[in-house]
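Novice: Right, I'll just put the structure down here and ask away after.
The values are calculated or read from the model by the stated rules, or taken from the named source; none is laboratory data. The structure presented is a predicted model; accordingly, all values stated were derived computationally and were not measured. Note: ideal-geometry Cβ built from the backbone for every residue, glycine included; neighbour counts use all protein chains shown. Heads up: the accessible areas ignore ligands, DNA and RNA and are worked out on the full protein's heavy atoms, side chains in. Shrake-Rupley method; radii C 1.70, N 1.55, O 1.52, S 1.80 Å.
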Amino acid sequence: MDRFVSPKRVAQALGVSESSLKRWCDKGMLPTNRTAGGHRKLALADVLSFLRQQGKSLIHPELLGLPQRSQHTEDNWDALLGQFSQAIQNGDSTAIQQIIYDLYLGGHSIAKICDHLICAAMREMGENWSCGSVEVYAERRACELISKHLHDLGLKIPLRTTGPVAMGGTLTGDYYQLPTQMVELVLQDQGWQASSLGCNLPSGTLGTSMRDHQPRLFWLSISYFADRELFLQQYHKVAATAAELQIPLAIGGQALTTKLRSELSYTVYCENLQDLLNYSQSLIMPKSTLTASPAVP
């Protein structure tokens, strides 16, 4: 699906007249781009933002390359988690996509969708796998399907060419792509130029990425390591580079026990994506809006 769509197509998708849609554009409710020939074009990302902010529903979402709405609209996260867990265990790609988009278009943040739905469902699947009730292929398939639909969602949110730069990934031996992909998407949705560098990366190349791009924030997703000593060796090199360049280092992941964290140096530990979101906002929030915290004795 193109990043830009015609007002006629958007009007058809919403089930309204094209003149009504153009009035919204004229009022500034929906940003408009002009082609070289003077024709209106609407960025799909702006259309989605409009839908989320105005609470409007699509009658024909397929015209915008979006999935049909499902019945997963209740604001009952326990029920939604059960439905999503069933979908990922069954490899039901359509249901996975529908639930993610239903929540996103319903105004929920990507951080909340990731924390309360995706991460929770994958934890549940991991527990079932450890008990032998879920096969390895089902867990891997779930990761692939979720990653596919998050990538698709990422193509439909605003493409940032300004704003603070953030980047990160995973260290050697950690092949878990989904967590670092979710970090990238959460930060992009909040106005960052965020780039996941991928998985299984040596500390040296991560350090080089910091020197080359001087990001405002660097993250490490730590979901797994086979060799503890090798992990610590690699981690300390990355942390040393971040400290040298005065780049905040955010860490998180299921492999980070309390004991292990006591051996690491970092700027902030994020138990979930909302923690990361809160910290990232504090980095770009004007100082005049910050309220001083009382001193801790």
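Novice: Using 0.36 nm per residue, how much length does the chain from MET29 to CYS131 gain when fully extended, once their Cα-Cα distance is taken away?
Specialist: Difference between extended and current length: 31.6 nm.
Novice: Taking θ = phi - 60°, what integer Hz values does the Karplus form 6.51 cos²θ - 1.76 cosθ + 1.60 yield along the range 257-262, in sequence order, with x for Gly and Pro?
Specialist: 6, 4, 5, 5, 4, 5
Novice: Continuing with this model, one more query. In whole percent, what relative contact order does the range 1-160 give with Cα contacts below 8 Å and a gap of six or more residues? Please report the intermediate quantities before stating the final value.
Specialist: Working: 175 pairs, mean separation 36.7, N = 160.
Computed over the range 1-160, the figure is 23 percent.
Novice: Another one. Any idea what Rg and Dmax come out to for the range 86-132 if you just take the C-alpha atoms, in Å?
Specialist: Cα only, the range 86-132: 11.7, 37 Å (Rg, Dmax).
Novice: Any chance you could list the semi-axes, whole Å, largest first, of the equivalent ellipsoid that the Cα gyration tensor gives for the chain, using √(5λ)? Kindly include the intermediate steps, with their values, before the conclusion.
Specialist: Working: eigenvalues 255, 129, 60 Å².
Sorted largest first and rounded, they come to 36, 25, 17 Å.
Novice: Pulled fully out, how much extra length does the chain show between GLN274 and GLN54, if you take 0.36 nm times their separation in residues and subtract their Cα-Cα distance?
Specialist: Values: separation 220, 0.36 × 220 = 79.20 nm, distance 2.37 nm.
Extra length from GLN274 to GLN54 when fully extended: 76.8 nm.
Novice: A further question follows. Once a ≥ b ≥ c are taken as the square roots of the eigenvalues of the Cα gyration tensor of the range 73-175, is the result rounded (a/c under 1.5), prolate (a/b larger than b/c) or oblate (a/b not larger than b/c)? Provide the component values of the computation, followed by the final result.
Specialist: Details: a/c = 2.01, a/b = 1.24, b/c = 1.62.
Oblate shape, in that a/c is at least 1.5 and b/c is the bigger or equal ratio.
Novice: Given Cα pairs under 8 Å that are at least 6 residues apart, what percent is the relative contact order of the range 110-247?
Specialist: On the way: 168 pairs, mean separation 34.1, N = 138.
That works out to 25 percent.
Novice: Counting only residues 5 or more places away or on other chains, whose amide H sits under 5 Å from the amide H of PHE4 once H atoms are built in the peptide plane?
Specialist: LEU44
Novice: Can you give me the convex hull volume of the Cα atoms of the range 1-148, divided per residue and expressed in Å³?
Specialist: Working: hull volume 16.0 nm³, N = 148.
Measuring per residue, one finds 108 Å³ for the Cα hull of the range 1-148.
Novice: Considering only protein heavy atoms and a probe of 1.4 Å, how much of the accessible area of the chain is carbon and sulfur, as a whole percent? Please report the intermediate quantities before stating the final value.
Specialist: Numbers: 7400 of 15090 Å².
It is 49 percent, rounded to a whole number.
Novice: Take the Cα atoms of the range 149-297, build their convex hull, and give its volume per residue in Å³.
Specialist: Values: hull volume 19.0 nm³, N = 149.
It is 127 Å³ per residue.
Novice: Which of the lysines could a cross-linker bridge to LYS41, judged by Cα under 16 Å and excluding same-chain residues fewer than eight apart?
Specialist: Cα-Cα hits under 16 Å: LYS8, LYS22, LYS27, LYS156.
Novice: Starting from one equal scatterer on each C-alpha and no solvent at all, send me the Debye-based log10 I(q)/I(0) for the range 1-85 at q = 0.16, 0.19 Å⁻¹, two decimals.
Specialist: Summing over Cα pairs of the range 1-85 leads to -0.66, -0.85.
Novice: Where does the chain land at 222 nm, in deg cm²/dmol rounded to the nearest 500, when only DSSP H runs of n ≥ 4 count, each adding -39500 (n - 2.57), divided by all residues?
Specialist: Here the helix-only value at 222 nm equals -15000 deg cm²/dmol.
Novice: Rounded to the nearest 0.05, what FRET efficiency is calculated for ASP212 and THR258 with R0 set to 35 Å and r the Cβ-Cβ distance? Spell out each step's value before the answer.
Specialist: Details: r = 34 Å, r/R0 = 0.97.
E between ASP212 and THR258, to the nearest 0.05, is 0.55.
Novice: HN-Hα J couplings of the range 268-285 from phi, Karplus 6.51/-1.76/1.60, θ = phi - 60°, integer Hz, Gly and Pro as x?
Specialist: Residue by residue, the range 268-285 yields 8, 9, 10, 6, 8, 6, 5, 4, 4, 4, 4, 5, 4, 5, 5, 6, 10, 6 Hz.
Novice: Follow-up. Quick one: accessible area per residue over the chain, 1.4 Å probe, rounded to a whole number of Å²? Don't skip to the answer; put the middle values down first.
Specialist: Values: 15090 Å² over 297 residues.
Dividing the accessible area of the chain by its residue count gives 51 Å².
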